[in-house]
Amino acid sequence: MANNTIIDDKRMILFSALIDELRANIYTNRNALNMILKKNPNMVYQKLNEVAAFTGSRYKLNLQLHFPNSKKISDIDSYGTENIGIVIDKFRKVFPIPREDIKRKASELMGNNIQVQDAYMYEGKEGVKVVLENGNGRIEILPGSIHLWCKVEDEKIQSYGDWLMQNIYL
């Protein structure tokens, strides 16, 4: 793990480092995952989330992989590159910074071809949804979690993820 990934108890977490470590752990287990996939695709989903949980536990968060398109389970190369949920504090209802700052930073880092809007605004909760250009997915930002329903390998998305981790989730 890189020296700047986690610092003291303040958990200076970089999104990009978390994703890199997840991908490295998946790559290390690639042969085993491939064997399990051939025998039982449902079991590989469970094993992948064990790898994700292990990676997340090193950062004191819950890391989850999702497969909204069940056919993607067969695409080993996509594991850890899309449809990722990161839960830091499932009980937090409000952002520690103004929601407008989160929305403004999304446009600043990812360009003007995205749609940024308030989301999940009920029962005293707040959230932000970023819809990526050309229908390439979305990012759902909640006070205690982030859900990336898109490819996370894009430099702009990683930069925004790093900013979110440093400014919201610490």
Requested in this report: Work out the length of the dipole vector of the range 8-167 about its Cα centre, built from +1 on the beta-carbon of each Lys and Arg and -1 on the beta-carbon of each Asp and Glu, and round it to the nearest 20 debye.
Outcome: 500
Query raised in the report: With the contact rule set at Cα under 8 Å and sequence spacing of 6 or more, what percent relative contact order holds for the chain?
Result: 23
Report task. Please sort by residue number the trypsin sites (Lys or Arg not before Pro) in the range 112-170 whose DSSP state is loop and whose Cβ has at most 12 other Cβ atoms within 10 Å. Result -> none
Query raised in the report: Taking neighbour counts of Cβ atoms within 10 Å as a proxy for exposure, in what order, fewest first, do I13, I73 appear?
Result: I73, I13
Query - Point-to-point label distance, R23-A119, nm (Cα→Cβ direction, 7 Å offset) - result: 2.3
Query raised in the report: For the range 86-170, with the dipole built from +1 on Lys and Arg beta-carbon atoms and -1 on Asp and Glu ones, taken about the Cα centre, which of A106, F95, W163 lies farthest toward the positive end?
Result: F95
Report summary line: Least to most buried among T28, T55, by other C-beta atoms within 10 Å and fewest first, runs T28, T55
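Over 21 Å between Cα atoms: which of K60/K90; K47/K156; K60/K103; K71/K151; K125/K151 fall into that group?
Numbers: K60/K90 13 Å; K47/K156 29 Å; K60/K103 26 Å; K71/K151 16 Å; K125/K151 27 Å.
Violating the 21 Å Cα-Cα cut-off are K47/K156; K60/K103; K125/K151.
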Report task. Find how much the distance from K39 to V94 grows on full extension, using 0.36 nm per residue of separation minus their present alpha carbon separation; answer in nm with one decimal. Result -> 15.4 nm
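Quick note: the coordinates plus some simple rules give every number you see, no bench work behind them. Note that the coordinates shown come from a computational prediction; the quantities given were computed from them, not determined experimentally. Note that each Cβ is placed from the backbone with ideal geometry, even for glycine, and that neighbours are counted across all protein chains shown.
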